Amino acid sequence: MLRRLLPERMTLWLVASKALTLTLVLERQGERSAHLPLDEQQCRRLSIGTHAVVHMIDVAIRPAFDEGEVLSYDLLIEAQGASTGMAEWAPQLCLEGERRPRVRHSMTLVSIAHGSCRRPHFDAPDGLARLDRQLNAQRSTPEQWPSLLMMTGDQIYADDVAGPMLLAINALVSRLGLYHERFDQAEIDDSQALMEDPWLYRRHRLLPATSDNRLLQRYFFRGKQKPIFTAAGADNHLISLGEILAMYLLVWSEVPWQLINVTPPALEEDKAALFKREQAALAHFVEELPAVRRVMAHLPVYMIFDDHDVTDDWNLTAQWERTALEHPFSRRIMGNALMGYLICQGWGNAPEHFDGPMMTRLETYCRAPEEAHHSAMIEALFRFEHWHYSLPTHPAMVVLDTRTRRWRSENGLHKPSGLMDWEALTELQQELMGHDAVIMVSAAPVFGVKLIEIVQRVFVWFNRPLLVDAENWMSHRGAAYVMLNIFRHRNTPQNFVVLSGDVHYSFAYDVQLRGQHRSPDIWQVTSSGIRNQFPDRLLDIFDRINRWLFAPWSPVNWLTKRRYMVIRPRQPDNRSPGERLVNKAGIGLLYLDDQGRPRDIIQLGGDDQDVRFERDDP
């Protein structure tokens, strides 16, 4: 996977069955191929199991890449005096007829591919496979390729795992010898016990039934029937670090699937039928994985977590956070998910954030996967406050951590927490100053569908925020007003594009703040999901009622925080009357002009039926 491509750095991520001796080959126009042997400083090798080694590759480039330069690269495996290139060991990574992946270096963001929510057993075409077809169609003009791929959350669903996927994870943990661990205050002693009995469709029963964790048992593991959103079951919730790492491998590559066999077990009739449906959906998912790998080898890939990368409703309220963190077993489960995120996602975004003590702890654990090292690593991750990052692009890209630095509600532990606390928002304001334009990545939309936010607020009034995933910026007064004031500040950018996911539907808004002598131009662009969708009928109802109640001219806006802003939805070009939201698995494609303003906003449909969001001029 290609992670970063900066003028003077190239970052890649690779998992192999053993530690490899590698040489990076760069083929640049008009120059001889450069061969760069990778030493221990340029390639960190982390053993995560007997037959699984993560290679974290971060290489200084001299001379620096030119803006717009198209280059080819290769990773040679050196063994016994011979070199084997990617065309031999991973031909699926190359476009047809080519022997090396190509990439375009572009710090000027002319176009961005983006999306969230890739749920393997949701039976829909994969948006990343659709993006592969787009790249292939433009193979003769790679200057038209997106500058980067931004994945805005829920890259895995650790809390919502299909039965066949859980068995595949179990088989891969065994096949690769991924490390085991002990559990404290749990119904099972260690992860080895999960190999003997994976608790298929029964994992919600694993939590101890004590008074201290009744809330945890109710909200962390049990599937919640949600009146607004689809049911999110936790019957197969991942627990161990080995399971987390195995899932990353299985959702990003078809190769691990070739190493294992999944046999349907004996199940009760209803569970057997569910297993069969999930197995069919996963078969389609696996078929498209070669295309997914190819995309991630041709575009720089950046990521940020959302809740399902750890668990549903992660830190939604102070009460949830306190209850989950106080119990050793749930603390371990969340810590394992964060550790998996660091290894598979977080490091590649900004390797420099993890140099020093954090990487030392991780390397110590990988050399000696003992309980003390595992626990020390998890505790360090809970204290870590630099998951956010920015890119020195034009316009600048600022990626927010809206999960671990929450603004806890002053009105009650059960009320939704703000997505970022005062200190984090203050740091954000300082980061934004001095830029003319910025792309701000927030997993949850800053400007969402107002009707759905109102429904969520009703459930908050009844002290039930966990029933509806009340995850929106406007659900916490303090965070909402500080964010609006950041937009108003005279020294922050004139052009803001907010990229989001999370919600399982796609839309685009043009936003202006009321009462401002110099209101910034703001665009909310949301693409979700890559392989997930909202219930069709329910979304259609919300879409139409929302239009009637909260159109820009509606007086109802003055009863909400929308009195401070004017929001004009862009219209899908293939819309039916009243439609503003697009319910289509796929990937977003945003084109920008030279001032960082949206020139074209498209949702590439996984079914090849694309949608363009058109401006609805007043």
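The values are calculated or read from the model by the stated rules, or taken from the named source; none is laboratory data. Only a predicted model underlies this, so the values are computations on that prediction, with no experimental measurement involved. Positions of Cβ are backbone-derived with ideal geometry, glycine not excepted, and every protein chain shown enters the neighbour counts. For the accessible areas, the whole protein counts, side chains as well, though only heavy atoms, and no ligand, DNA or RNA atoms are used. Shrake-Rupley method; radii C 1.70, N 1.55, O 1.52, S 1.80 Å.
Points to keep in mind about this one:
- Odd one out for residue 540 among (1) modelled with pLDDT under 75; (2) farther than 24 Å from residue 477 by Cα; (3) out of contact with any helix residue (DSSP H, G or I) (no Cβ under 6 Å at 6 or more places or on another chain): (1)
- Qualifying residue in region 58-68 (condition: under 20 Å from residue 84 (Cβ atoms) and among the aliphatic types (A, V, I, L, M)): yes
- Scan of region 494-529 for residues that are touching a residue at least 60 places away in the same chain (Cβ under 8 Å) and among the β-branched types (Val, Ile, Thr), ordered by number: 497, 511, 522, 525, 526
- Counted residues, region 604-614 - those being part of a strand (DSSP E or B) and either hydroxyl-bearing (Ser, Thr, Tyr) or closer than 11 Å to residue 573 by Cα (or both): 4
- Here region 231-261 is the region considered, the condition is being open to solvent by 40 Å² or more (accessible area, probe 1.4 Å) and over 28 Å from residue 297 (Cα atoms), and the residue that is modelled with the highest pLDDT is 235.
- Residue satisfying condition, being in contact (Cβ under 8 Å) with a residue 12 or more places away in the chain, over 21 Å from residue 194 (Cβ atoms) and touching a helix residue (DSSP H, G or I) at 6+ places or on another chain (Cβ under 8 Å), within set 291, 246, 234: 291
- Those helices (runs of 4 or more DSSP H) of region 254-371 in which at least 1 residues are of a type outside the set (D, E, K, R) and within 21 Å of residue 11 (Cα to Cα), considering only elements entirely within it, cover 289-298, 328-341, 357-367.
- In region 9-26, residue most open to solvent (accessible area, probe 1.4 Å) [restricted to those that are more than 16 Å from residue 61 (Cα to Cα) and β-branched (Val, Ile, Thr)]: 21
- Near pairs, Cβ below 8 angstrom, 6+ apart or cross-chain, from region 89-101 (assigned to a helix (DSSP H, G or I)) to any residue that is among the basic types (Lys, Arg): 92/293; 92/294; 93/293; 93/294
- Filtered residues of region 384-417 (kept if open to solvent by 10 Å² or more (accessible area, probe 1.4 Å), at pLDDT below 95 and not in a loop (DSSP other than H, G, I, E, B)): 407
- Tally, over region 370-400, of residues that are acidic (Asp, Glu) and under 20 Å from residue 427 (Cα atoms): 1
- The residues of region 421-468 that are at pLDDT below 55, open to solvent by less than 60 Å² (accessible area, probe 1.4 Å) and in a helix (DSSP H, G or I), listed by number, are 456, 458, 459, 460, 465, 466, 467.
- For region 344-360, the condition holds for no residue, the condition being that it is free of Cβ contacts under 8 Å to residues at least 40 places away in the same chain and crowded, with 23+ Cβ neighbours inside 10 Å.
- Filter result for the condition that a residue is over 25 Å from residue 344 (Cβ atoms), open to solvent by 50 Å² or more (accessible area, probe 1.4 Å) and modelled with pLDDT of 95 or more, over 108, 84: 108
- Applying a threshold of 7 Å to beta carbon distances and a minimum spacing of six or more residues, or different chains, the list of pairs starting in region 469-493 at a residue that is closer than 16 Å to residue 435 by Cα and of a type in the set (D, E, K, R) and ending at one that is open to solvent by less than 20 Å² (accessible area, probe 1.4 Å) and not in a loop (DSSP other than H, G, I, E, B) reads 488/513.
- Per the listing 593, 608, the residue uniquely out of contact with any Leu (no Cβ under 8 Å at 6 or more places or on another chain), of a type outside the set (Lys, Arg) and without any contact (Cβ under 8 Å) to a residue 12 or more places away in the chain is 593.
- Under the condition of being open to solvent by 10 Å² or more (accessible area, probe 1.4 Å), polar (S, T, N, Q) and touching a Lys or Arg at 6+ places or on another chain (Cβ under 9 Å), the residues counted in region 584-611 number 1.
- Against the numbered list (1) crowded, with 20+ Cβ neighbours inside 10 Å; (2) touching a strand residue (DSSP E or B) at 6+ places or on another chain (Cβ under 9 Å); (3) not in a strand (DSSP E or B), residue 73 comes up short only at (3).
- Subset of region 123-154 [of a type outside the set (Lys, Arg), over 21 Å from residue 533 (Cα atoms) and out of contact with any Ser or Thr (no Cβ under 7 Å at 6 or more places or on another chain)]: 134, 135, 136, 137, 138, 140, 141, 142, 143, 144, 145, 148
- Residues (under 18 Å from residue 376 (Cα atoms) and surrounded by fewer than 14 Cβ atoms within 10 Å (Cβ to Cβ)) located in region 181-198: 184
- Qualifying residue in region 148-158 (condition: closer than 27 Å to residue 524 by Cβ and either open to solvent by 10 Å² or more (accessible area, probe 1.4 Å) or among the basic types (Lys, Arg) (or both)): no
- Given (1) within 30 Å of residue 596 (Cα to Cα); (2) over 28 Å from the mean Cα position of the chain (by Cα); (3) in a strand (DSSP E or B), number of the condition residue 66 does not satisfy: (3)
- One residue stands out in region 28-38 among those that are open to solvent by less than 80 Å² (accessible area, probe 1.4 Å) and at pLDDT 95 or above: the one that is nearest to residue 104 (Cα to Cα), namely 36.
- Residue check for residue 126: modelled with pLDDT under 95 and crowded, with 24+ Cβ neighbours inside 10 Å: no
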